[in-house]
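So the structure is just underneath, and the comments pick up after that.
Just so you know, all these numbers are worked out from the coordinates, no wet-lab data involved. Only a predicted model underlies this, so the values are computations on that prediction, with no experimental measurement involved.
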Amino acid sequence: MQQLPNRGVTVLAAFKIYLKLLESRSKGSSKTLISHRKLVEAMSLPPRDVAAGIDHLVVNRLVHVRQHPTLNTAGHPVNEYDLKGPLNGHGGPTN
């Protein structure tokens, strides 16, 4: 997290998304499943800001994203987010 600049909409969106991902994961797990649409709704941000925030987390190696083969109840694709940063719940940074 230290390498993240502290200004800009994208960085704020990235921070909010990271916190939401932390909140939505199962206890003891670094992974969570959530759709992009659900993140947009939860963050109250435009879809482009959520996408930019996720990209920012990926570029800074705080999150790894892959599309999960499951669809949510509304039929939207679900992404699997693997938290890689210092707040991932495993006591320290991971690679």
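A few comments on the model shown:
- Direction-averaged projected area, Cα convex hull, segment 9-83: 4.7 nm², rounded to one decimal.
- Amide proton proximity set for K84, modelled H, under 5 Å, gap of 5+: V63, H64
- Karplus-derived HN-Hα couplings along segment 37-49 (A = 6.51, B = -1.76, C = 1.60, θ = phi - 60°), whole Hz, x at Gly and Pro: 4, 5, 5, 4, 5, 5, 8, 6, 10, x, x, 5, 6
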